[in-house]
1. It is to be established whether one or more residues within segment 56-69 are under 16 Å from H105 (Cα atoms) and either in a strand (DSSP E or B) or of a type in the set (G, A, S) (or both).
2. Does segment 212-226 contain at least one residue that is without any contact (Cβ under 8 Å) to a residue 40 or more places away in the chain, over 23 Å from H407 (Cα atoms) and acidic (D, E)?
3. Report, by residue number, each residue of segment 230-250 that is outside any helix (DSSP H, G or I) and surrounded by fewer than 18 Cβ atoms within 10 Å (Cβ to Cβ).
4. Considering segment 384-420 alone, what residues qualify as being of a type in the set (A, V, I, L, M), within 17 Å of H344 (Cα to Cα), at pLDDT 95 or above and assigned to a helix (DSSP H, G or I)?
5. How many of the residues making up segment 143-192 are farther than 20 Å from L390 by Cβ and either in a helix (DSSP H, G or I) or charged (D, E, K, R) (or both)?
6. Of the residues in segment 205-215, how many are within 16 Å of F432 (Cα to Cα), crowded, with 16+ Cβ neighbours inside 10 Å and not small (G, A, S)?
7. For segment 98-112: of the residues being in a loop (DSSP other than H, G, I, E, B) and either modelled with pLDDT under 95 or in contact with a helix residue (DSSP H, G or I) (Cβ under 7 Å, 6 or more places away or on another chain) (or both), which is least open to solvent (accessible area, probe 1.4 Å)?
8. Where residues in segment 296-321 are aliphatic (A, V, I, L, M) and open to solvent by 40 Å² or more (accessible area, probe 1.4 Å), which of them is nearest to T338 (Cα to Cα)?
Amino acid sequence: MEPIRDRQTTHPAIEDLRRHIGAVVTLDGSVETLRDQKRMQFLILNRHGGAVQVVHEKAGADDRLAQRLGALTPGSAVTVTGTVREAASVKLNGLEIEAADIVVHSLAATPLPVAADSSLEKQIDWRVLSLRRPEQRLVFEVQTTLEQAMRAYWARKGFIEIHSPKLMGTFSESGAEAFKVQYFDRTAYLAQSPQFYKQMAMAAGFERVFEVGPAFRAEPSFTARHETEFTSIDMEVAWTDSHQDLMALEEDWLVEVLTQVADVHGQALEELLGVRIDVPVRPFPRVSLQEAQAIVRASGHTPTKTDDLDPEGERRLWAHVAREYGHDFVFVTDYPVTARPFYHRRHRDRPDLTQSFDLLWRGIEVTTGAQREHRYDPLKAQAVERGYDLEPLSSYIDFFRYGCPPHGGMGVGLARLLMVMLQRSSIREVTFLSRSPTRLTP
């Protein structure tokens, strides 16, 4: 049997090239730029977000390597073999590869249809190309670290991961925002959240669950922070006394995961995106919706809603919190019954208010959560009060018929979290492939 090549030696990572000065190496990558001069050729090779300069001194008109190099176009996939040399004048780590051979795997068409300064819509049209930029790659490296840190937290705290179905027999939030699909001989709905199934897990005795998965909202919204399909991060926890327990849990969770992102990517984020990750201090400020609206009105803005904050109100509340508390986060609590789903638990002494909260980060809502109504009869009564037909909801309400512990939970939009963290102007900049009311491709 032919021995397996030591790829660590013959195919080093670009960041490890300094350990191979004087050695012949083979590097795979894509062409970033090519300068073809009279006597010299300079190629920038990109791999895993790192880059190295490849040089070749032309040997004459019949130099086949020079011909192959000269035919390259940006984006072409190649394998270069050559000797690692020190070159103090080269900005890319003071190194270069003196080319001895090149294999062209795929020659890119030219010119490229999108550039770094193209409009966002064009960037999304050509996502396969815009994602090649180092700053875009960094976004998804941050996303990976973020999710890994979340999972590490959940594992340490005894959470169980679930994967709930995305085809449902009834809607889980509002019927007006649910996508209907033909399911054999009847209508099904794309899940707006795993809410019902998280609560089923509570009744089943799982006590602490999480899910990271797709969710769908049929909202004809064209704002910079809405998508029709998005990745939802959900948690549900049993034996909570109120929404105060849930807010404390989210504070603990966010501080840990943001610390990890700052530790792993802090330098790269400052260099490529000009962004600094400031890990928040606990406890986060908390204000009731009633207090929040008073703050907004005092700032000179009249809220357009009586049972919620409009986007301008959210921004003004953040400005107040940043000024008064030096904090980028604020929990807004105790929303009216009219603004929340029927399954949110109500305050005993204020049945017109729910034990609920939103978390705003720099004036943008990133989390919605609440203590749930876990008692069978009050839950039915609340559904009826809100005008729901109990028959389509029967499979959900039956979860609570045979006993269920007090519990609550929250849903967090992954892309919104990234958008605010990385200070991007649109959720589409941090979404791998965008889905909006007008976009189903690529």
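1. Restricting attention to segment 56-69, the residues satisfying the condition of being under 16 Å from H105 (Cα atoms) are 65, 67-69.
Narrowing further to those that are either in a strand (DSSP E or B) or of a type in the set (G, A, S) (or both): none.
So far as segment 56-69 goes, no, none of its residues is under 16 Å from H105 (Cα atoms) and either in a strand (DSSP E or B) or of a type in the set (G, A, S) (or both).
2. No, there is no match, as no residue in segment 212-226 is without any contact (Cβ under 8 Å) to a residue 40 or more places away in the chain, over 23 Å from H407 (Cα atoms) and acidic (D, E).
3. As a first pass, look at segment 230-250 and keep what is outside any helix (DSSP H, G or I): 230-242.
Once the filter is applied, which keeps residues that are outside any helix (DSSP H, G or I) and surrounded by fewer than 18 Cβ atoms within 10 Å (Cβ to Cβ), segment 230-250 yields W239, D241, S242.
4. V384, I397
5. Here is the first cut: in segment 143-192, the ones farther than 20 Å from L390 by Cβ are 143-167, 177, 179-185, 190-191.
Narrowing further to those that are either in a helix (DSSP H, G or I) or charged (D, E, K, R) (or both): 143-157, 161, 166, 177, 180, 185.
Result for segment 143-192: 20.
6. Qualifying residue count for the region: 1.
7. Initial filter on segment 98-112 (in a loop (DSSP other than H, G, I, E, B)): 107-112.
From what's left, either modelled with pLDDT under 95 or in contact with a helix residue (DSSP H, G or I) (Cβ under 7 Å, 6 or more places away or on another chain) (or both): 110-112.
On the way: T110: 98, P111: 112, L112: 79 Å².
Filtering segment 98-112 for residues that are in a loop (DSSP other than H, G, I, E, B) and either modelled with pLDDT under 95 or in contact with a helix residue (DSSP H, G or I) (Cβ under 7 Å, 6 or more places away or on another chain) (or both), the one least open to solvent (accessible area, probe 1.4 Å) comes out as L112.
8. A298
The values are calculated or read from the model by the stated rules, or taken from the named source; none is laboratory data. No experiment lies behind these values; they were computed from the predicted model shown. Note: ideal-geometry Cβ built from the backbone for every residue, glycine included; neighbour counts use all protein chains shown. Accessible surface areas use protein heavy atoms only, side chains included; no ligands, DNA or RNA. Shrake-Rupley method; radii C 1.70, N 1.55, O 1.52, S 1.80 Å.
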